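Contents: one structure, followed by commentary.
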Amino acid sequence: MTERSSHSISSRKQPKQARATELVSAILEAAVQVLASEGAQRFTTTRVAERAGVSVGSLYQYFPNKAALLFRLQSDEWRQMGGLLRTILEDDKRPPLERMRKLVHAFIRSECEEAAVRVALNDAAPLYRDAPEAHEARASGERTVQAFLREVLPGTPQATQDLAGDLITMTLSAAGKDFSASPRTDAEIEAYADAMADMFCAYIASLGHR
């Protein structure tokens, strides 16, 4: 089924009653299942409604088109990752480099556990990647990393901190995507995350000694 494209990627309305909340949860769970099994190209609101056991009309009450539904899934993923970043990097009870190591391990494991959905969301990104909501979601994570680097590298120039933040986030994202493209054992995930954490921690430490 071909769906008419739309510039709207925002949810049509927010559920206010328990029954409506359950309906939206069922739709989102079904959307994840369809995305993981069918991929972005075969993802349609009709398939999602069928998997959720609801009518397409009920789905459209909350999501006007498939772009809005996919963006909600992506937004939830960004929100989850943003929360992970803040929880780990803002934990001032742990030494900074220990926080960075913990973040790398959590990120790589998350990438591997949710690889199918992440790949499909990346394929669907052209539907929403230029929307203001998408830019803000990405910027939020970047601000968390930059705040961490200001803490751990207080004596370095802002340009150096900005470069370090870009390098770490881009490398982590690209390497995580590539590594999770194939099934991995727990031992492989631990070894890969350890190596990447060693690299980032050595890089940050070297910047602090310049």
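The values are calculated or read from the model by the stated rules, or taken from the named source; none is laboratory data. The shown structure was predicted, so the numbers you read here are calculated from the model rather than taken from an experiment. Note that we place each Cβ from the backbone using ideal geometry, even for glycine, and neighbour counts take in every protein chain shown. Note: accessible area is taken over every heavy atom of the protein model, side chains too, but ligands, DNA and RNA are not part of it. Shrake-Rupley method; radii C 1.70, N 1.55, O 1.52, S 1.80 Å.
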Candidate set: region 92-101, residues that are part of a helix (DSSP H, G or I), charged (D, E, K, R) and open to solvent by 30 Å² or more (accessible area, probe 1.4 Å); chosen: the one nearest to residue 47 (Cα to Cα)
101
A careful count of residues in region 16-31 that are under 18 Å from residue 114 (Cβ atoms) and buried (at least 20 other Cβ atoms within 10 Å of the Cβ) gives 2
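Residues checked against (1) under 18 Å from residue 75 (Cβ atoms); (2) touching a Pro at 6+ places or on another chain (Cβ under 7 Å); (3) at pLDDT 85 or above:
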| position | (1), (2), (3) |
| --- | --- |
| 1 | no, no, no |
| 14 | yes, no, no |
| 25 | yes, no, yes |
| 28 | yes, no, yes |
| 40 | yes, no, no |
| 50 | no, no, yes |
Could you please find all residues in region 40-88 being of a type in the set (Val, Ile, Thr) and farther than 22 Å from residue 168 by Cα?
44, 45, 46, 48, 54, 56
Name the single residue, out of those in region 66-96 being within 9 Å of the chain's Cα centre (by Cα) and small (Gly, Ala, Ser), that is modelled with the highest pLDDT.
82
Taking only pairs six or more apart or across chains, which ones have beta-carbon atoms under 6 Å, a first residue in region 132-144 that is on the phi < 0 side of the Ramachandran plot, and a second residue that is surrounded by 11 or more Cβ atoms within 10 Å (Cβ to Cβ)?
134/128; 137/78; 140/82; 141/82; 141/85; 144/85; 144/86; 144/89
For region 152-164, indicate whether the set of residues that are among the charged types (D, E, K, R) and either touching a Pro at 6+ places or on another chain (Cβ under 9 Å) or open to solvent by 80 Å² or more (accessible area, probe 1.4 Å) (or both) is non-empty.
no
Show me the helices (runs of 4 or more DSSP H) entirely contained within region 32-91 in which 3 or more residues are open to solvent by less than 20 Å² (accessible area, probe 1.4 Å) and closer than 30 Å to residue 153 by Cβ.
66-89
Could you say whether any residue in region 104-121 is open to solvent by 70 Å² or more (accessible area, probe 1.4 Å) and over 23 Å from residue 189 (Cα atoms)?
no
Is it the case that some residue within region 102-114 is modelled with pLDDT under 90, of a type outside the set (Lys, Arg) and under 30 Å from residue 55 (Cβ atoms)?
yes
Looking at region 32-88 only, could you name the residues that are β-branched (Val, Ile, Thr) and more than 20 Å from residue 120 (Cα to Cα)?
54, 56, 87, 88
